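Notes follow once the structure below has been shown.
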Amino acid sequence: MPRPLILGGTTEAGVLAALLAEAQVEATLSLAGRTRHPAAQPLPTRVGGFGGAEGLARYLKDQRITHVVDATHPFAAQMSRNAAEACAVLRLPLIALTRAAWQAQPGDRWQHVPDMAGAARALDRPATRVFLAVGRMQLAACAAQPQHHYLLRLVDAPQAPLPLPQTEVVVDRGPFTAEGDLALMRRHGTEIVVAKNAGGPGALSKITAARALRIPVMMIDRPALPQRPETHDPAEVLRWLAHADLGV
Ligand code: 3Y8
Ligand code: NAP
């Protein structure tokens, strides 16, 4: 019987967790512990880092894990690198459950930047009203551009002073809706949206709202990830587990 470890923290990981629980697969879900009250999941869940690739390898051995599913967010590049390294060392089967990157549609006004530092550089312009929808961990990069009025959406209320002088904070966790984001951006008077190319439906609403408002989007492209088998379909992961379980 397979004993997979699911590296989660995304909408798709939640869908997979439900399928695995329903199929009574002996799976464990893993979260980093980034948020104060993570959503309950239908699988036994462990929270916190492993201690690098070595710590992950030790965990995989100690827990007799047979397969690893990397269902982390496309910007969780360190976790993905560690998973690829640990699975290579232990010769464990690894598959990534990912979602396609968003693509600009005709009429969209996207400016691509390579990473958060690139976004901060591209914000070197007169004061404007920015919906900085990249979460808490990336805010410091924009401290070099204090002239803007930032709308921030965070999963948890900030515990420490924010590195930006003019902010409006919305504490909310997704998935979000286009109607909700349209109202939020109208109320804030948003003039540009800064977003990570997360893909998937859970964070797309602000992109849809920007399209409706015809305002520009500064799109942060995804970091490079290690080569590994990938699927966008949670059901495919179950077939992969069953197939691998036949020892084939
Ligand atoms: C801890 C688990 C589910 C999964 C929901 C998805 C959708 C909603 C949209 C905006 C963008 C952002 C952020 C976002 C979204 C889903 C998904 C997704 C973006 C939770 C979760 C954890 C995290 C961590 C958190 C980061 C932050 C990023 C907020 C749970 C809710 C901005 C990414 O305060 C912090 O430290 C937050 C940190 C990493 C990025 C950052 O750099 O700050 N996600 N998000 C996971 C863990 O501990 O391992 O708390 O229940 C999961 C989800 N967040 O259950 O349906 O699948 O992407 N998450 C981005 O995409 O830009 C919000 O506001 O429009
Ligand atoms: P990251 O930068 O790739 O990882 C940094 C370290 O956090 C990892 O080396 C690992 O610590 C720990 N870690 C990350 N994901 C983990 C997991 N699922 N289980 C156990 N430990 C984990 O990751 P991140 O960008 O901070 O993302 C953290 C979590 O939030 C992930 O679960 C991700 O799916 C979720 N998330 C992230 C974003 C985002 O925008 N980055 C968006 C939505 C959800 P050790 O080295 O000690 O093992």
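A few comments on the model shown:
- The alpha carbon gyration tensor of region 179-220 gives principal lengths a ≥ b ≥ c with a/c of 1.5 or higher and a/b no greater than b/c, which makes the shape oblate.
- Cα-based shape type of region 74-122, given that a ≥ b ≥ c are square roots of the gyration tensor eigenvalues and the cut on a/c is 1.5: oblate
- Value in Å of the Kirkwood radius, where region 1-146 supplies the Cα pairs that are averaged: 17.5 Å
- Straightening the chain between THR45 and ALA160 buys 38.6 nm, computed as 0.36 nm per residue apart minus the Cα-Cα spacing.
- Radius, Kirkwood style, for the chain when every pair of distinct Cα atoms is counted (Å): 19.3 Å
- On Cα atoms only, tilt of 234-245 relative to the major axis of the chain in degrees: 20 degrees
- Summary of packing: across the peptides 205-213, 100-108, 22-30, 136-144, the per-residue average of other C-beta atoms within 10 Å ranks them, highest first, as 205-213, 22-30, 136-144, 100-108.
- 20 °C / 1.002 mPa s Stokes-Einstein diffusion coefficient of region 60-99, Kirkwood radius on C-alpha pairs, µm²/s: 205 µm²/s
- With contacts taken as Cα pairs under 8 Å at a separation of at least 6 residues, region 1-147 carries a relative contact order of 21 percent.
- Label point at ALA104 placed 7 Å out along Cα→Cβ; residues across region 204-221 whose backbone nitrogen lies under 17 Å: 207-221
- Rounded, prolate or oblate (a/c below 1.5 giving rounded, otherwise prolate when a/b exceeds b/c) for region 106-231 by Cα gyration tensor: rounded
- For the pair ARG187 and ASP124, the difference between a 0.36 nm per residue extended length and the Cα-Cα distance amounts to 20.3 nm.
- Distance between region 16-67 and region 181-248 - C-alpha centres, whole angstrom: 22 Å
- Helix 178-188 and the longest principal axis of the C-alpha atoms of the chain enclose an angle of approximately 40°.
- Our summary gives region 106-167 a relative contact order of 32 percent, counting only alpha carbon pairs under 8 angstrom and 6 or more residues apart.
- Principal axes of region 137-202: Cα extent on each, largest first, Å: 30, 23, 21
- Every helix of 4 or more DSSP H residues in the chain counts as -39500 (n - 2.57), and over all residues that averages to -9000 deg cm²/dmol at 222 nm.
- Crossing angle, helix 77-90 versus the chain [Cα axis fit, 0-90 degrees, rounded to tens]: 10 degrees
- Modelled label positions at ALA18 and GLN111, each set 7 Å beyond Cα in the direction of Cβ, lie 3.9 nm from each other.
No value in this document is a laboratory result; all are computed from the given coordinates. Owing to the predicted nature of the structure, the values given are computational and were not obtained by experimental measurement. For neighbour counting, all protein chains shown are included, and Cβ atoms are generated from backbone atoms with ideal geometry for every residue, glycine included.
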